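Okay, so here's the structure we're looking at.
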Amino acid sequence: MVCAKDSKGKIMKKILLINPKSHKLNGKNSSRFRLPPWALCVLASLTPKNYDVEIVDELLEDIDFNQKVDLVGITGFTASINRGYEIAAKFKSKGVPVVMGGLHVSSNPDEALTFADAVVVGEAEMIWEQVLKDLENNKMKGIYKSNEFHDMQSLPWPRLDLIKYPEKYTAFQFVQTTRGCPFKCEFCSATQIWGSKYRKRPVDEVIEEVKSLDNTKPIFFIDDNIGAIPKYQKELFEKLIPLKIKWSSQTGVQSLLREGAIELAAESGCFFYFVGFESPNEEALKHSNKKQNDPKLFKEIIRKAQKKGIHIHGAFVLGLDYDDENIFKDVNNFIEDAKLDSIQLNILYPYPGTALRERFIKNNRLTSSDWSNYIFDGVNFIPKNMTQKELHKGYVWLLKQNTRFPIIFRRFFRKIKMGQFYQAFIALVMNLGTRRHYNHVIKNLKKVNPIKELSY
């Protein structure tokens with residue numbers, strides 16, 4: 001291995017940043033959609049230039065455990081964290097310091113500390129410098145957590161240049177404009193990580209970052225809800241218009257209902273929105289504290305966006321307390337009637353850091369903390385109005401119904417008939433990705449039972 005040197009010929013210290021792969025992902029191309037580890041690109045941007053930084057995404061490449069490194073940083077979602085712990089243990093056994101962070105670790109720092117030397121809770125911008133100082137002084141350990149949130153002024157641009165295989169990702173160019181969420185959906189941990197108040201970057205700083213990217217390729221705004229702040233949304237979208245880019249993002253139902261919001265988004269280059277409808281069952285939404293969603297308005301939003309050339313990728317959660325065995329047909333009927341372009345179906349996961357998990361623990365309904373089962377068709381709790389087997393069977397049926405080739409091509413040709421050829425291509429890519437997801441569910445059923453029953 002050739003060691004990197006600085007401008008004075010001095011060997012630079014090496015930091016290896018790793019995105020682990022979930023145990024249930026079979027092979028390098030097994031994820032539904034491949035997205036680069038944006039959080040690690042952010043961490044790299046916060047690292048002084050006198051360090052040599054490498055990013056390894058285990059979804060695409062193997063980890064070299066024998067290379068000489070001075071620090072290993074590991075991120076990870078809940079489903080991949082067990083693999084992250086294995087990686088941490090291997091490097092620690094070689095005497096390499098390990099720091100961990102990310103959504104799961106921020107909710108379970110004490111658990112992570114049994115595998116790592118140090119953990120970063122929440123945002124890294126305010127504390128990464130201290131982590132590296134402590135590393136230099138051989139005293140990096142324990143929990144690092146800022147007492148305040150970053151104001152999002154003058155943020156460095158993520159080091160997307162460290163991504164080795166950009167062509168292998170579904171989307172590659174990422175920009176963040178806002179953080180925080182005032183809503184307190186029971187099954188979501190966003191508020192714990194990002195805070196309950198919206199924070200925003202100066203629009204002109206966002207525009208400068210966008211200008212630095214390749215405008216011939218799409219850009220993904222990684223916000224949880226890019227339309228959350230009306231005045232900010234309007235200013236941002238208006239300043240995007242002259243750049244003539246194509247962009248996609250996540251947004252909320254209320255944001256789409258705002259007068260002129262869909263039209264302005266389309267004019268500024270939006271071609272794709274991920275929308276968490278969650279359920280057509282109004283009672284289920286209310287009792288999950290997702291009160292900002294009104295199912296009666298869903299179809300109107302979808303059709304209005306589609307007419308303006310915006311692909312709507314609708315996400316649904318199955319197994320909410322007001323769901324019974326009829327929910328699967330209800331969701332299927334809604335998807336068909338609304339003519340959604342593509343869909344994402346998730347069994348309810350009681351993630352660490354959520355009010356849902358605490359309630360399930362209190363009511364003795366949590367059946368598993370096997371984090372590797374918090375993906376695909378994993379059932380880790382006792383549903384209220386159906387059995388675990390009914391939930392699993394209904395989920396697999398609904399997924400199969402919506403990944404059949406006749407359905408996939410119907411959605412594709414629907415866009416062709418509308419003259420939306422680029423959106424037709426996106427619809428094909430997204431629906432084939434969901435079909436790949438279904439195929440992995442079926443393959444894993446032969447290896448592992450995803451239904452975790454209560455054990456006494």
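Of note:
- For the range 242-252, the criterion of a residue being assigned by TED's automatic domain parsing to the domain that holds T177, under 20 Å from D330 (Cα atoms) and surrounded by 20 or more Cβ atoms within 10 Å (Cβ to Cβ) is satisfied by no position.
- Check on G419, surrounded by fewer than 13 Cβ atoms within 10 Å (Cβ to Cβ) and among the small types (G, A, S): yes
- The residue of the range 48-107 that is nearest to S372 (Cα to Cα), among those that are surrounded by 15 or more Cβ atoms within 10 Å (Cβ to Cβ) and of a type in the set (F, W, Y), is F77.
- Residue within the range 355-374 that is over 30 Å from G122 (Cβ atoms) and buried (at least 16 other Cβ atoms within 10 Å of the Cβ) present: no
- Pick from the range 375-388, criterion within 13 Å of D321 (Cα to Cα) and touching a residue at least 12 places away in the same chain (Cβ under 8 Å), ranking: surrounded by the most Cβ atoms within 10 Å (Cβ to Cβ): F381
- Test set (1) within 26 Å of E54 (Cα to Cα); (2) in a helix (DSSP H, G or I) - D214 fails condition number: (2)
- Answer from V379, V331 - the residue that is touching a His at 6+ places or on another chain (Cβ under 6 Å), at pLDDT 95 or above and β-branched (V, I, T): V379
- Any hit, the range 196-204, residues being in the same structural domain as E278 (by TED's automatic domain parsing), part of a helix (DSSP H, G or I), aliphatic (A, V, I, L, M) and surrounded by fewer than 20 Cβ atoms within 10 Å (Cβ to Cβ): yes
- Residue check for I426: assigned by TED's automatic domain parsing to the domain that holds A305 and closer than 29 Å to K168 by Cα: yes
- Scanning the range 257-275 for residues that are in contact with an Asp or Glu (Cβ under 9 Å, 6 or more places away or on another chain) and either of a type in the set (S, T, Y) or buried (at least 19 other Cβ atoms within 10 Å of the Cβ) (or both) returns L264, S268, F272.
- Subset tally (residues that are in a loop (DSSP other than H, G, I, E, B), at pLDDT 95 or above and closer than 25 Å to K24 by Cβ) for the range 62-91: 5
- Residue identified as of a type in the set (S, T, N, Q), touching a helix residue (DSSP H, G or I) at 6+ places or on another chain (Cβ under 8 Å) and surrounded by 16 or more Cβ atoms within 10 Å (Cβ to Cβ) among N332, N289, N346: N332
- Here Q176 clears all of (1) under 22 Å from Y351 (Cβ atoms); (2) modelled with pLDDT under 95; (3) touching a Pro at 6+ places or on another chain (Cβ under 9 Å) except the condition numbered (2).
- With respect to the conditions (1) part of a helix (DSSP H, G or I); (2) of a type in the set (S, T, Y); (3) within 23 Å of Y273 (Cα to Cα), Y395 falls short on a single one, namely (3).
- Looking across the range 96-137, the residues that are outside any loop (DSSP other than H, G, I, E, B) and more than 22 Å from G195 (Cβ to Cβ) come down to V98, V99, E111, L113, A118, L132, K133, D134, L135, E136.
- Of the residues making up the range 286-323, those that are closer than 16 Å to A265 by Cβ and of a type in the set (A, V, I, L, M, F, W, C) are I301, I302, A305, I310, I312.
- The range 418-441: number of residues that are among the aliphatic types (A, V, I, L, M) and touching a Gly at 6+ places or on another chain (Cβ under 6 Å): 0
- Counting residues in the range 150-171 that are crowded, with 20+ Cβ neighbours inside 10 Å, among the aromatic types (F, W, Y) and outside any helix (DSSP H, G or I) gives zero.
The values are calculated or read from the model by the stated rules, or taken from the named source; none is laboratory data. Just so it is clear, the structure is predicted and the values come from calculations on it, not from any experiment. Cβ coordinates were reconstructed from backbone atoms using ideal geometry, including for glycine residues, and neighbour counts include every protein chain displayed.
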